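These notes concern the structure reproduced below.
The values are calculated or read from the model by the stated rules, or taken from the named source; none is laboratory data. These numbers were taken from a predicted model, which means no experiment stands behind them. With ideal geometry, Cβ positions are generated from the backbone for all residues, glycine too; neighbour counts draw on all protein chains shown. Side chains included, ligands, DNA and RNA excluded: accessible areas come from the protein's heavy atoms. Shrake-Rupley method; radii C 1.70, N 1.55, O 1.52, S 1.80 Å.
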Amino acid sequence: MNPFYPKVAERAGKICEYCRAPEIASNFSFEVEHIIPRSHGSETKLENLALACRSCNIFKSNCLNGIDDEGRETRTLFHPRQDIWQRHFRVNFETLEIESLTEIGRGTINRLRLNNPLQIRARQQWQRLGLFP
Ligand SMILES: [Zn+2]
């Protein structure tokens with residue numbers, strides 16, 4: 001296990017800091033990811049680490065920027081240590097989609113595919129269990 005996992009998971013409340021997936025509904029621990037990827041010269045320290053579900057971590061990969069609705073690179077992705085989730089996103093309680101409130105939100109939703117059908121299907125189950133949002 002990643003030695004930073006206990007502190008990062010506790011700080012995040014054991015939910016993905018990007019899509020708000022509840023770790024308790026997963027059969028494997030969420031991942032400690034580098035907000036600014038190591039490939040961009042960042043360090044492994046708590047201020048640069050976030051808890052991410054497998055889906056968000058895979059689609060985020062080593063990207064720094066979001067993508068707009070036409071596939072063009074946008075501003076930086078949502079930064080869990082510097083940005084407040086509710087200022088960039090909100091949950092649509094009918095569709096269970098995550099909606100953007102800002103360009104950063106939109107770019108992150110597209111890059112991390114926060115509303116792909118598998119995410120929506122999982123959210124329906126988490127909502128049924130009282131785990132989302
Ligand atoms: Zn996620």
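Figures for the structure shown
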| read-out | value |
| --- | --- |
| Dipole of the chain [Lys/Arg +1, Asp/Glu -1 at C-beta], most positive-end residue of Leu101, Ser61, Ser29 | Ser29 |
| The stretch 82-133 pair-distance distribution - Cα-Cα, 10 Å bins, rounded % | 26, 54, 20, 0 |
| Carbon and sulfur %, accessible surface of the chain computed with the full protein complex present, 1.4 Å | 50 percent |
| Kirkwood hydrodynamic radius over Cα pairs of the chain, then Stokes diffusion coefficient at 25 °C and 0.890 mPa s, in µm²/s | 164 µm²/s |
| Around Gly107: net Lys/Arg minus Asp/Glu count, Cβ-Cβ under 9 Å | 0 |
| DSSP loop chymotrypsin sites (Phe, Trp or Tyr not before Pro) with at most 13 other Cβ within 10 Å: longest gap in the chain | 29-92 |
| Cβ charges +1 (Lys, Arg) and -1 (Asp, Glu), total dipole of the stretch 55-133, debye | 320 debye |
| Candidates per GluC sites (Glu not before Pro) in the stretch 1-95, loop by DSSP, up to 12 other Cβ within 10 Å | Glu43, Glu70, Glu94 |
| The chain, relative contact order [Cα under 8 Å, separation at least 6], % | 21 percent |
| FRET efficiency for Gln124 and Met1, using Cβ-Cβ distance with R0 set to 41 Å, rounded to 0.05 | 0.85 |
| 222 nm mean residue ellipticity, helices alone, for the chain (DSSP H n ≥ 4; -39,500 (n - 2.57); rounded to 500) | -8500 deg cm²/dmol |
| Long-range amide H partners of Glu97 with built H, under 5 Å | Asn92 |
| Trypsin sites (Lys or Arg not before Pro) restricted to the stretch 1-33 and DSSP loop, no more than 16 other C-beta within 10 Å | Lys14 |
| Whole-angstrom gap from the stretch 63-108 to the stretch 3-30, using each part's C-alpha centre | 19 Å |
